[in-house]
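**Student:** Have a look at this one.
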Amino acid sequence: MTLLRSGSATDTGLVRSVNQDLAVETSTLFAVADGMGGHAGGEVAARLAVDALSAAFRRQPTGSGLSQAVTEANAVVWQHSRDNPELRGMGTTLTAVGLVNEGGQDVLALVNVGDSRSYRFHDGELTQITTDHSLAEEMVRTGELTTAEAAVHPHRHILTRALGVSSDVAVDLWRIQPVRGDRFLLCSDGLTNELELGQITEVLTSVSDPHRAADLLVQAARTHGGSDNITVVVVDVVVGDEVDSSPVVTAMNADFAPVPTASEEAAAVAPDLYPTSVAGETQPSRRERRKAKRRERRIARGRRLITFRTLLFVILLGATLAGAFYAVRWYDTNSYFVGVNHNELVIYQGRIGGFLWYNPVEVQRTGVTTADVPAQYLDQLNDGVEESSVASARSYVANLVTTKHCQLDPSSPFCSPSPGPTTSTTAPPTTAATVPPTTTKAP
Ligand code: MN
């Protein structure tokens, strides 16, 4: 038979204007949630999470039931943030202790997501059970930081796991045998960021009433800075098994070794201090870590970082401009015309009169003067006569010369039997003349 007695306290702190922390105290379920998200997001997330957790745990008051309740709470917060655009991005931490009966034995089931913490105060010693899902903690685990460095590291507030920020969440679960005289401390990071472990231990040692102890801890964190919301729940095991000193070892692993049960849930029990993970892997993935790191860097640089979207825009804009440039150039350079320059017929590349920033370029001076061509074509030539290639421009000029020649000497062998150019003033002269095209080589 296990009986618990609890007390809690919460405070906005000295810096924040709203309190997004939430404490839960019932006879069998205790929890701390630390909400996050702009506007009312943090408060909404914390409230939704603890309500969903309580309801689900009531339906299935077991260890795996508590873990499942966290998963359900995650789904509720996630769905709500998707349905309400103004709450998008909200989330919360959640650590909870539930008294359950498994295989006829009372067991304390403990769950955690995020960087709120659960401690066990046993025999005058305070030990952290949960592992923070924060970037700093990950760096400690990989040896990049010491615990002392992590406590003041700028990344210590960056979470690698939180509730309600994605469709799925990995939940850490422990099973602990309740021992009479043990105290459990659940708190938000607003407490642990302000107080040393020794200061917390001192209060838990000297103040026996759980509500008064919780109150004192919150007040102490306030006077030490109070830079964040502070929330504390103290849970005392008042009736339970006596401390059995013979098999219990002082090592932490033995202290938190899972309670063996005959049920199928024994399979999910943690083999050591590391928690069992229910949905997904226990450790945040490399990707999660990298993502959190990037987020932190972006915040640190005040969003001066170029985003992928901006980059994509610049690339697309560049491609569009280049495309337009080449289209214009293609349009321009793909055309030729015959014009007159100082009485000489000249073949130009480009559009007559130029196009946009392109002016016609002289390709070939023909050596043919205006006197060499029929007078009726001069107006046309002065305006410019379009041709599709240099070759066709050349043969056009050659035809003009032949036409003039035949006008002067119709008996010329070049001019038989054709009557000469058409009377049309727009069409180029027909090639009635036997002058071979310039592109064709004479045999
Ligand atoms: Mn906090």
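The values are calculated or read from the model by the stated rules, or taken from the named source; none is laboratory data. Keep in mind that this is a model prediction, so the values were computed, not measured. Neighbour counts run over all protein chains shown; Cβ positions are idealised from the backbone, glycine included. What goes into the accessible areas is simple: the full protein's heavy atoms, side chains included, and nothing from ligands, DNA or RNA. Shrake-Rupley method; radii C 1.70, N 1.55, O 1.52, S 1.80 Å.
**Student:** Just the accessible area for W357, please: 1.4 Å probe, Å², rounded to the nearest 10?
**Tutor:** 140
**Student:** So, one more: Of the peptides 165-174, 86-95, 150-159, how do they stack up when ordered by the mean number of other Cβ atoms within 10 Å, highest first? Walk me through the numbers before you get to the answer.
**Tutor:** Numbers: 165-174: 20.0, 86-95: 23.9, 150-159: 17.5.
So the peptides 165-174, 86-95, 150-159, ranked by packing, come out 86-95, 165-174, 150-159.
**Student:** According to a simple spin-label model (label point 7 Å from Cα along Cα-to-Cβ), what is the distance in nm between S17 and V363?
**Tutor:** 7.2
**Student:** Quick check: residue separation of Q376 and N341 times 0.36 nm, minus the Cα distance between them. What number comes out in nm? Don't jump to the answer; show the numbers that get you there.
**Tutor:** On the way: separation 35, 0.36 × 35 = 12.60 nm, distance 1.75 nm.
Gain in length upon complete extension: 10.8 nm.
**Student:** Please list F57, F313, F325 in order of solvent-accessible area, largest first, computed with a 1.4 Å probe with all protein chains present. The partial results should precede the final answer.
**Tutor:** Working: F57 10, F313 130, F325 80 Å².
Greatest to least solvent exposure: F313, F325, F57.
**Student:** Measure off 7 Å from each Cα along the Cα-to-Cβ vector at R82 and H224, then give the distance between these two points in nanometres to one decimal.
**Tutor:** For the pair R82/H224, the computed spacing is 4.1 nm.
**Student:** A further question on this structure: Just to confirm, what accessible area per residue do you get for segment 21-155 at 1.4 Å probe, in whole Å²? The partial results should precede the final answer.
**Tutor:** Details: 5090 Å² over 135 residues.
Dividing the accessible area of segment 21-155 by its residue count gives 38 Å².
**Student:** Multiply the residue separation of D383 and D409 by 0.36 nm, subtract the distance between their alpha-carbon atoms, and state the gained length in nm to one decimal. Show your work: numbers first, answer last.
**Tutor:** On the way: separation 26, 0.36 × 26 = 9.36 nm, distance 2.82 nm.
This chain segment gains 6.5 nm when fully extended.
**Student:** What is the distance in Å between the Cα centres of segment 1-70 and segment 318-374?
**Tutor:** 79
**Student:** Still on this structure, please answer the following. What's the carbon and sulfur percent of segment 28-69's accessible surface, probe 1.4 angstrom, rounded to a whole number? Present the calculation step by step, with values, prior to reporting the outcome.
**Tutor:** On the way: 830 of 1520 Å².
C and S atoms contribute 55 percent here.
**Student:** Just the number, please: Stokes-Einstein D of segment 316-387 in µm²/s, Kirkwood Rh from C-alpha pairs, 4 °C, 1.567 mPa s. Could the numbers behind the result be given before it?
**Tutor:** Details: Rh = 13.3 Å.
Answer from the Stokes-Einstein relation: 97 µm²/s.
**Student:** Using the heavy atoms of the protein chains alone and a 1.4 angstrom probe, what is the accessible area of segment 310-373 per residue in square angstrom? Write out the running numbers ahead of the final one.
**Tutor:** On the way: 3960 Å² over 64 residues.
Roughly 62 Å² per residue, with all protein chains present.
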